[in-house]
There are 2 protein chains.
Amino acid sequence: MSKSIFYHAGCPVCVSAEQDLVNLLGSENVSIINIGQNKESISEAEGRGVQSVPALVTPNGNVLHINYGASIEDLKN
Amino acid sequence: MSKSIFYHAGCPVCVSAEQDLVNLLGSENVSIINIGQNKESISEAEGRGVQSVPALVTPNGNVLHINYGASIEDLKN
């Protein structure tokens, strides 16, 4: 199984969800990308269907939006 | 580690999220409760902080609301 990708923006909701998911999935199974800091990754996340962060993109490409920290649109500004 | 609990109500969004989470976490690590069918479990889910389904309650008690299928309030009717 390839890795899941966890997109976040450093918000408190994001950090909490990140800790939970890393505990559940194992850190070796999740790539973590901060699209608040890496603005060039915003379009990558959008292309995968991410509408808000935190979000987990599964190895089969499904997007799980987890709780709600910020919308992708907000991060563009 | 004790099990996570996945609360759902049989909605398409719920079924999709259930399949993803079972794949990611392993079915042996998740208890699955349909609070659409088991109305008595609604108050249990609410007590754990679940506001909408699908949602995953982690072994440490954190609630991850995943995508959005239905609110707990809607399920009471």
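Values as computed for the structure displayed
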{"read-out": "Positions within the range B:30-77 being closer than 17 Å to B:Cys11 by Cβ and of a type in the set (Asp, Glu), in sequence order", "value": "B:Glu73, B:Asp74"}
{"read-out": "Per-region count, the range A:58-67, residues touching a residue at least 24 places away in the same chain (Cβ under 8 Å) and crowded, with 17+ Cβ neighbours inside 10 Å", "value": "3"}
{"read-out": "Subset of the range A:1-46 (residues that are away from chain B (no Cβ under 14 Å), hydroxyl-bearing (Ser, Thr, Tyr) and open to solvent by less than 20 Å² (accessible area, probe 1.4 Å))", "value": "A:Tyr7, A:Ser41"}
{"read-out": "Residue count for the range B:1-18, restricted to those that are within 11 Å of B:Pro54 (Cα to Cα) and not in a loop (DSSP other than H, G, I, E, B)", "value": "11"}
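The values are calculated or read from the model by the stated rules, or taken from the named source; none is laboratory data. The structure displayed is predicted, hence computed values, not measured ones. Every residue, glycine among them, receives a Cβ derived from its backbone with ideal geometry; neighbour counts consider all protein chains shown. Protein only, heavy atoms only, side chains kept; ligands, DNA and RNA dropped before computing areas. Shrake-Rupley method; radii C 1.70, N 1.55, O 1.52, S 1.80 Å.
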